[in-house]
Amino acid sequence: ADAAPGCSTATAHARALGTAGTSLESMPASPLGVVITSGGRWAFVSLADSIAVLRSGGHGAPSLVRTIPSPGQSPSGEVLTRDGRYLVVAAGSGAEVIDVARAEDGTPHAVLGTLTSKSSASAIEVALSPDDRYAFVSIEYSDEVAVFSLQRALADGFGPSDFIGDIPVGQVAAGLAVSPAGRWLYSISELAAGPQQPGSGLDGQGTLQVISIHRAETDPGRSVVATVSAGCEPVRVITSPDGRVLWVTARASDTLLGFSAARLRTDPAHSIVARVRVGEAPVGLALVRNGARIVVADSDRYFKTPRASPSLAVVDVAAALAGKPALLGYLRPGGFPREMALEPGGRTLLVTNFYLSQLESVNVTDLP
């Protein structure tokens with residue numbers, strides 16, 4: 001079996017890549033999640049108690065236009081519905097739903113309502129079913145993914161009946177991603193479920209769960225179809241454009257892992273197909289250059305490694321999958337790069353810098 005990596009503070013050395021056409025926009029508070037509308041004119045950034053609305057001028061960083069107070073607790077991950085009408089933000093024990101047109105125009109009552117579960121107020125990430133009828137929210141400290149009927153909430157008003165149930169996952173639920181074909185939901189947990197005994201081989205190991213979206217919509221408690229170890233404290237997951245490979249940041253392994261989506265369901269013990277040592281405490285990640293490169297946000301949030309610093313690692317996808325040296329170098333961003341979103345057209349990557357309260361724009365066409 002190709003075992004997942006253990007805990008480590010050993011980072012990879014690579015050349016500095018300069019600034020790559022970077023520009024910065026100050027935020028009113030520490031930013032977390034970021035999304036960009038399909039037309040590229042607007043971006044939304046979650047802050048400690050509000051949602052920042054930014055307009056893109058086509059060059060450099062988007063500019064802050066306004067903030068929308070958040071009725072929920074600690075807004076975090078964000079996703080737009082496929083028609084672009086609604087912004088769904090993980091917050092409290094579920095998510096808040098925002099009317100995008102009202103947010104852009106500054107119209108009152110942009111927040112339409114809140115999806116609320118029975119879990120703790122520790123929502124961290126959110127994903128939508130391919131038809132936008134259901135919302136899935138990882139509840140970090142309840143070790144669950146809450147399932148909501150977004151369609152019902154929008155049609156009938158927000159209430160308790162919007163909550164469908166919980167998907168049991170590992171400890172400290174974190175990242176979510178939906179397969180391009182819309183059949184599978186992938187969930188990351190920082191620790192495996194149940195007690196972890198010293199010497200068990202699972203010390204510090206987190207998990208990647210494969211969830212049937214169809215089953216999650218009707219029977220959430222029995223929707224997990226596969227679980228695999230995913231390194232030490234994995235936190236985020238994305239899929240390749242064709243859905244064949246999943247990329248996971250193992251934060252306390254300082255490693256980017258690639259998983260075969262097919263093997264996760266048929267041969268999970270041999271599902272790891274790539275591993276790339278990166279910088280300290282990687283969190284967010286994004287595919288750029290039509291999937292040829294991955295940018296990894298090395299947060300250095302715990303300051304565990306002497307002389308380490310926050311960085312954006314640039315990884316060659318083909319080399320990683322071929323088992324060849326794949327780390328092309330590091331960009332040096334501000335403090336604690338956390339989440340990322342790629343603008344339509346693929347030219348600019350937006351990065352939230354949590355510690356310095358900045359939104360960073362990186363011209364990825366300048367990357368190697």
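The values are calculated or read from the model by the stated rules, or taken from the named source; none is laboratory data. As the structure is a prediction and not an experimental result, all values here were calculated from the model. When we count neighbours, we look across all protein chains shown, and the Cβ atoms used for this are built from the backbone with ideal geometry, even at glycine. Keep in mind that these areas ignore ligands, DNA and RNA; they rest on the heavy atoms of the full protein, side chains included. Shrake-Rupley method; radii C 1.70, N 1.55, O 1.52, S 1.80 Å.
Annotations
- Computed on the chain, with alpha-carbon pairs under 8 angstrom and 6+ residues apart, the relative contact order is 16 percent.
- The chain: most fluctuating residue of 116, 107, 255 per GNM, C-alpha cutoff 10 Å: 107
- Taking label points 7 Å from Cα along the Cα-to-Cβ direction, residue 161 and residue 23 give a separation of 4.9 nm.
- The value given for the stretch 282-368 is a Kirkwood hydrodynamic radius of 13.1 Å, derived from the mean inverse Cα-Cα separation.
- Distance-filtered residues of the stretch 149-177 - backbone nitrogen under 18 Å, label point 7 angstrom along residue 65 Cα→Cβ: none
- Here the calculated FRET efficiency for residue 324 and residue 225, from their Cβ-Cβ distance with R0 = 30 Å, stands at 0.40, rounded to the nearest 0.05.
- 1.4 Å probe accessible area per residue over the stretch 158-281, in Å²: 36 Å²
- The stretch 73-154 - percent relative contact order, Cα under 8 Å, separation 6 or more: 25 percent
- Length gained when the stretch residue 15-residue 181 is fully extended (0.36 nm per residue, less Cα-Cα span): 56.0 nm
- Residue-normalised accessible area of the stretch 13-105, expressed per residue, 1.4 Å probe, Å²: 42 Å²
- Across 232, 7, the residue with the most accessible area heads the list, and the full order at a 1.4 Å probe is 7, 232.
- Selected from 52, 226, 103 as most flexible by GNM, with the chain as the system and alpha-carbon contacts under 10 Å: 226
- With both labels modelled 7 Å from their Cα along Cα-to-Cβ, the residue 55 to residue 83 distance reads 2.6 nm.
- Cα point-scatterer Debye curve for the stretch 219-274, base-10 log of I(q)/I(0) at q = 0.23, 0.25 Å⁻¹: -0.92, -1.03
- For the chain, with all protein chains in place and a probe radius of 1.4 Å, 49% of the accessible heavy-atom surface sits on carbon or sulfur.
- Highest GNM mean-square fluctuation among 349, 154, 24, for the chain modelled with Cα contacts below 10 Å: 154.
- Labels on offer are [x] 60, 42, 37; [y] 52, 47, 34; [z] 72, 44, 36, and the one holding Cα extents along the principal axes in Å computed from this structure is [y].
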